[in-house]
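The values are calculated or read from the model by the stated rules, or taken from the named source; none is laboratory data. Treat the numbers as computed from the prediction; the structure is a model and nothing was measured. Here Cβ is always computed from backbone atoms with ideal geometry, including for glycine, and neighbour counts include all displayed protein chains.
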Amino acid sequence: MTNNNQNDDNDNEESLNIVNVHDPFFLWGLLEHSDRSLIRAYETLPDADRSRLYWSCHYHKRVNVCEYVLNNCELVRTAHNAIKKLSELAKAHKTKTPDLTEVPVPFMLPTSPDFIVNELCDGSFITSKGKPMKFTVIDQCGKRKTCIYKHGDELLQDALCLAAMKEMNTIFKEEYINVEIVTYEVFPVDETEGLIECVENVHPFLEFKNADDDKNSKSSDALKQFIEQSADRKINLYRTFLGFVISGIVLKLADRHDDNIMITDDGKILHIDFGCAFGQKTKLERLLGLFMDIPSSPFSEDVFIGNK
């Protein structure tokens, strides 16, 4: 009787601890749940949410839950096999063009499980540290997403920064503040690898700098011309620049430069690459004691001043 009563008490306690896979911090909140409560929650979830549950459990190596999901959900099982193959292709990077036909389809994209991948194409390796693999996924309606699979990087901190940014956006919306932080999807598949879903139609600030023939020009010179081509771009820049600055200060982002500050075709600015956050700095920043603040922004003042 004692054991039964104890089990009943545990069940009641777990029933109050809701498994919310849509919580931006679910990857960390998962630790509050037992395998039994997660398996029970699985039975109430649609396939897309089962995918979110599975990949969170996969990262934390919750083997019992993962095996249960794989045995009972074909789309997640196919996604598991697809990601395994993508990981192998990304890790090998022996050829310039990975053979994406080896990846089984269809499968739910872990970063956006409502997106069912029917085809992969345009595979290539980026010429940067670790040579991450870039590719395009296509669903049955022809919609496309650009993704990157990375090896050798811990993406958990990136995921945490983006989760915090999403929470900030929720606060802005609830308080009727006209500010937006542009986010994207990142999911750490394992401790040293993961999947990134890119923002579409985006340009690094370096692109504006390189486009200018004047080697002494700043990235903001060409950027000013880009922004002034559209009134909507200027409005979007104002809204997202506030979010850009607020998130940079709150998360103590460092290592900001023209190659990891981006702007979209419609004028929205965003951070990418969160390897230096929460007070972490690059070796150069630690050596020189530099801090990221507004005066060192790639923007010049005249970007925000309309022509009279």
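Segment 140-242 holds helices (runs of 4 or more DSSP H) entirely within its bounds, and those carrying 2 or more residues that are in contact with a Phe, Trp or Tyr (Cβ under 6 Å, 6 or more places away or on another chain) map to 156-174, 219-228. Under the condition of being at pLDDT 80 or above, more than 19 Å from Leu155 (Cβ to Cβ), surrounded by 16 or more Cβ atoms within 10 Å (Cβ to Cβ) and out of contact with any His (no Cβ under 9 Å at 6 or more places or on another chain), the residues counted in segment 259-301 number 3.
Thr192: under 25 Å from Phe241 (Cα atoms), touching a residue at least 24 places away in the same chain (Cβ under 8 Å) and touching a strand residue (DSSP E or B) at 6+ places or on another chain (Cβ under 8 Å), yes or no? It is false that Thr192 is under 25 Å from Phe241 (Cα atoms), touching a residue at least 24 places away in the same chain (Cβ under 8 Å) and touching a strand residue (DSSP E or B) at 6+ places or on another chain (Cβ under 8 Å). Specify the residue that is farthest from Leu195 (Cα to Cα); the eligible residues are those in segment 243-282 that are of a type in the set (Ser, Thr, Tyr) and not in a loop (DSSP other than H, G, I, E, B). Only one residue tops the list, namely Ser247.
Residues of segment 19-44 being touching a residue at least 40 places away in the same chain (Cβ under 8 Å) and either in contact with a Lys or Arg (Cβ under 8 Å, 6 or more places away or on another chain) or not in a loop (DSSP other than H, G, I, E, B) (or both), which ones?
Correct list: Pro24, Leu27, Trp28.
Mind listing just one residue for me: the one in segment 125-151 that is modelled with pLDDT under 95 and among the small types (Gly, Ala, Ser) and, of those, surrounded by the most Cβ atoms within 10 Å (Cβ to Cβ)? The residue in question is Gly130.
For segment 211-233, filtered to residues that are over 16 Å from Lys268 (Cα atoms) and not aliphatic (A, V, I, L, M), the residue that is modelled with the highest pLDDT is Asp221.
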